[in-house]
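Below is one structure, written out as structure tokens; comments come after it.
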Amino acid sequence: MLNARSEQLEKQNGGSASTLSDVRSNIARLEARARSMLSGSDNQVLRSGRSVFEHSKSTLAESTRRPSGATVTQHTPVELFMANLGFDIQEQQRLLQQLQMQVPKRSTLNAGYDEEEGNLFFQGRGGASVTDTAIDLDAFVASRRSECLQRCVDDVHRQISDRTRELAEQQINAMWERRSDAIIEALEGRSLGAYRPGTQPPSNLTNTSYQSITNINSTDINRLLAAKMHAFAHVVDVAQPQEWCSHFNAFAQETAPAEGDETSSLWFTVSSILAPVSRSVTSSAEVGLDGVKKYVASSRLVLERKFLASIFMEVLKIPISKFEEMEHMHAEKVVEVIEQYVGRGVDVWSLILTAMRCGRYDAAYVFASRVPTGVKAPLQAALDAIDGTPQLARNDMKPFVDLRSYFLEETTRASYHRTAVLFMLLVGTVSQPGQDSDSVLAHFVAAIDRVSNSIEDMLWMRLMCIRQIEASSLPVQSLLDLQQSVLADIPQLLALPGSTSAKVASVLFYTLLPSTALRLLQDSREFFCDAVHIALSFHAAHLLRCTSAESQMNLSGALQAYACKALEMEDLKVTRHVAPTLFRYFWKSDSVEAFVELCRNSVICVKLFGQLGDGVANEGALLHSSAACQPELLTTMDTIADAAATAGQVELAVHILLVLDRLAVQQRDVQTSQEALRKATLTLNPALSHSAHYTSGSSVHRENLVLYSRRLKDRLQQSAADIGGREVQAFFHLCLIAEFHSLYHKNQHDQAVTTFLQLRFLPTQASDVDDSAEQFNTSVSDDVVTAMPPTVVLFLKLELSLLRKLSAAERAPVIQMAKAIIRWVSKWRFNARKDLMRELQSVESQFDA
């Protein structure tokens, strides 16, 4: 600023370049010194400068009071201030001289106006006294010093604010790090009481399960997600399906981070709508016209209660938690509240409409006493009839046709509030024969636009008129017409300022479009989990799809995505607690087929049921809770195994069956155990038989089959039950055949030969060929017969290779056994391939060579 001033003076006075350059240099030094003061590094100088300035003011005042001719020190404030800033005597004098020449002198006595230049100017030193000049210089320097001090103070304040904010953030973070585990565990503990705020966990929840829920330890996100899943799963276990939504809502309200949180508001809306409907509809057979109409009436009731609560909060200043205590206030008191809310002196029809909007038709009856005499009686009769009708039956009421003549009066067209009130009481049946109904409806639509202040107001007016679910001769009475309008407006609703998916979903819930609302919430990462839980609630109420305006949400697919998301958590403890939750959701939502399909994914199956490896079963997440012993899970596991076997997933099917057998043994369910072992045997036999035809030297599939066959073989040998049967005997034979192939490809030839010779149907000597062939032809299963040709060829080739390493005396029994086996094969009754016999003859000739 000082440099700019010097440039301006240079233009005005035309002074020498050197003089102005000196002024700029000294001003620059003053600014540099001021910046050092602003940096806070020289607070002592700042304090000294303040005291020097105060002293200089008193000195100047004293000098002005001295008689004329007395000696006075000029520019005392300036000199002291510059001396404090480090200027020596010569620099002080030089700077003062330059300032006297350049700084304007504020003296009203010497001020004039330059007619030619048109600028206000001040006379120079010739027309000003020494005292005036000193005062001007003092004021100039004092002004610059005040600016420096103010900038210093502002900077100090800013530094203090920044430092305070940093310290606060550090303290909050440090506190959270120390207390986060305790806070999360407390939230998880409170979640167990979600079914009723402030209550203890129910007695049918054991201490073991309670401890398991509250001791979950993982990352913050996983802990919060697991806590929510456990709370909802607990509700599903202990509550009836009709009560799920209200319990879920209680949990959401308790754990809401702040009042007005979108998640808690969404749950409150859904719970308020579904609770009365769920209590009145107990089966899917009851859902139809009656159930959907109750849903319409419930939506209308929620909108009315919500508006009444907002009026009470604004006028009576009561918190939302006290609304239920004040909701049934006497009609006369409600009249006073509405008058305060709307304002006195307004149209009585506005008061009536507001009372109806609140759902207080008794208060509207009181206001109706103020209308003109003609319409008073039928209007009060209509309002009294609505007030006396059960809330969920109000959308079944017939139109109040006595009011039609009053609606057609010119007075009605002059009042939008009167139009809205009478039209809703007439339910749109306002036109007479020969009258254009479209024009009447258009007038009502215009009235809605004029008297409504929000989307909820419009929805309430439309819901008041709903009498038909599908298409109707009167569009205003058709729910389908309303739904189609709302569906068409979804892009505009989402584009509104401040609009969120939760707010638009609430509108869709009000208009009986739950599946559309849930699909909208599913697309939001924030509400994905809640969308699935809300879908379960609507499914329990048999209201997931109400009309033909929308397609039903794919709950099975949503649950599959939900399960995959839940099982992505890396903490095994969390996964073990979440897994039982997932199965309960599928089971109680009639989505078992989706769970079966999900478990056919090998990754999901391993996480749920464990992985078999090295003969030891690693337990899965689903097996670490009491849910593993539930009959419905055992039944589902059997279904999963059947589906996997049908799809050719032999390893998966056998693994599930082995786990099922183990669980059945724990429950002492012998029949289920035997059935699981029998199915596992029947599933493995064809797979083992076909594995003998694998030409590759190393096969992962073959090795897995061998691993499972060993496990099943051990289990069959340990089982106290006598399973028996041809299939089991065939399984033991196929186990030896599969083991032989595995050892052969591992180059463990001696062990392979020993394993092959353990087959009981082989001839041990030449005289046993006929009997062994007869036994093979009559008692061996088709799976064994299918596996034997490549196995015999491989065995003979192996013997031929080993024969070269033997001495002449050792070769004779080997050759004798090989020829016996070849003759044994030739006596099979099964049609052996010609190429097989040619290959055996070729091998036999090599033995003779």
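The values are calculated or read from the model by the stated rules, or taken from the named source; none is laboratory data. Computed from a prediction, not measured in an experiment: that's the story for all the values here. We place every Cβ from the backbone using ideal geometry, glycine too, and count neighbours over all the protein chains shown.
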Only one of GLY359, GLY345 is at positive phi and modelled with pLDDT of 90 or more; which? GLY359
Unique residue being modelled with pLDDT of 90 or more and within 23 Å of GLN477 (Cβ to Cβ) when the list is GLU332, GLU304: GLU304
Which condition breaks for ARG545 when tested against (1) surrounded by 22 or more Cβ atoms within 10 Å (Cβ to Cβ); (2) outside any helix (DSSP H, G or I)? (1)
Here are the criteria: (1) at pLDDT below 90; (2) under 14 Å from PHE609 (Cβ atoms). Tell me which single one GLN671 does not satisfy. (2)
Out of curiosity, is ASP387 crowded, with 16+ Cβ neighbours inside 10 Å and of a type outside the set (Ser, Thr, Tyr)? yes
GLN552 passes all but one of the listed conditions (1) in a helix (DSSP H, G or I); (2) touching a Lys or Arg at 6+ places or on another chain (Cβ under 6 Å); the exception is number (1)
For segment 790-807, indicate whether the set of residues that are touching a residue at least 24 places away in the same chain (Cβ under 8 Å), aromatic (Phe, Trp, Tyr) and either surrounded by fewer than 17 Cβ atoms within 10 Å (Cβ to Cβ) or within 27 Å of HIS701 (Cα to Cα) (or both) is non-empty. yes
Just checking: which of the helices (runs of 4 or more DSSP H) contained wholly in segment 721-793 hold 3 or more residues that are touching a Ser or Thr at 6+ places or on another chain (Cβ under 7 Å), on the phi < 0 side of the Ramachandran plot and modelled with pLDDT of 90 or more? 726-745
Can you tell me which residue among GLN468, GLN477 is closer than 22 Å to LEU289 by Cβ and in contact with a Cys (Cβ under 7 Å, 6 or more places away or on another chain)? GLN477
Counted residues in segment 345-360 being closer than 21 Å to SER405 by Cβ and in a helix (DSSP H, G or I) come to 5
If you go through segment 673-684 one residue at a time, do you hit one that is over 22 Å from ALA738 (Cβ atoms), surrounded by fewer than 21 Cβ atoms within 10 Å (Cβ to Cβ), charged (D, E, K, R) and within 38 Å of the chain's Cα centre (by Cα)? no
From the list ALA363, ALA393, ALA377, which one is assigned to a helix (DSSP H, G or I), hydrophobic (A, V, I, L, M, F, W, C) and in contact (Cβ under 8 Å) with a residue 40 or more places away in the chain? ALA393
